[in-house]
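See structure below.
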Amino acid sequence: MLKAPENNPFERPPAMAGLTIRALRASDIEAVTALINLPGFRFGTLRLPYQTVEETRKRFENAGPGHVSLVAELNGQVVGDAGMTRYHGRRSHVASLGMGVHDDFAGKGIGGALLAELIDTADNWLNLKRLELTVYTDNAAAIALYRKFGFEEEGLLKAFAFRAGDYVDAYAMARVRL
């Protein structure tokens, strides 16, 4: 992993031995499908249970030219997934982010490594000014990670999604480069 340039307002997390952040490959689709079907991973997303390999493949094939898809691979196992979709037209300076980490590897720095790579791509390759995301209000670990990387809550989205039998709120968060 490269050292962050001096103009970046964050420090990259220390590299975990055996961890590689790389572009998603077609050969990763089955591993990513297994990852996003894990209960803890799914709990933090808008995904429904029982995602199929075909659904995952279509999502990545239809992502479009403004999309960046990354995976975190630890000793040959896909343990994280992250994506960034750039908007068009008058919002071409903005992208939305989404990410998740394998249930058994949460809290080990993988999310930070994925987020650092997305931000580096946004800042130093795409010249994006604003990054947006939504996060459930009960996901304290993710909120803390996003704050560490300069994201701020911009609003509360009441009854944002129906999850496990209840409506849950989410924060709209953004990082704006000055």
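The values are calculated or read from the model by the stated rules, or taken from the named source; none is laboratory data. Quantities reported herein were computed from a predicted structural model and do not represent experimental measurements. Cβ coordinates were reconstructed from backbone atoms using ideal geometry, including for glycine residues, and neighbour counts include every protein chain displayed. Just the protein is used for accessible areas: all its heavy atoms, side chains included, with ligands, DNA and RNA removed. Shrake-Rupley method; radii C 1.70, N 1.55, O 1.52, S 1.80 Å.
Pairs linking a residue in the stretch 143-161 that is closer than 21 Å to G107 by Cα and open to solvent by 90 Å² or more (accessible area, probe 1.4 Å) to a residue that is assigned to a strand (DSSP E or B) and not acidic (D, E), with Cβ atoms under 7 Å and 6 or more positions apart or on different chains, are E152/M173; E152/A174.
Being in contact with a helix residue (DSSP H, G or I) (Cβ under 8 Å, 6 or more places away or on another chain) and either at pLDDT 90 or above or small (G, A, S) (or both) holds for only one residue in E54, E30, E73, and it is E30.
Looking at the structure I just gave you, is L178 farther than 23 Å from L48 by Cα, open to solvent by less than 60 Å² (accessible area, probe 1.4 Å) and either under 15 Å from the mean Cα position of the chain (by Cα) or not small (G, A, S) (or both)? Walk me through how you get there before you give the answer.
Details: farther than 23 Å from L48 by Cα: yes; open to solvent by less than 60 Å² (accessible area, probe 1.4 Å): no; either under 15 Å from the mean Cα position of the chain (by Cα) or not small (G, A, S) (or both): yes.
No: the conditions fail for L178.
Set side by side, the residues T56, T85 differ, and just one is closer than 23 Å to N139 by Cβ, open to solvent by 40 Å² or more (accessible area, probe 1.4 Å) and of a type in the set (S, T, N, Q), which is T85. Restricting the first member to the stretch 60-87 and to residues that are touching a residue at least 12 places away in the same chain (Cβ under 8 Å), and the second to residues that are assigned to a loop (DSSP other than H, G, I, E, B) and open to solvent by 30 Å² or more (accessible area, probe 1.4 Å), the beta-carbon pairs closer than 6 Å and six or more apart or on different chains are S69/L24; V71/L24; L74/G18; N75/G18.
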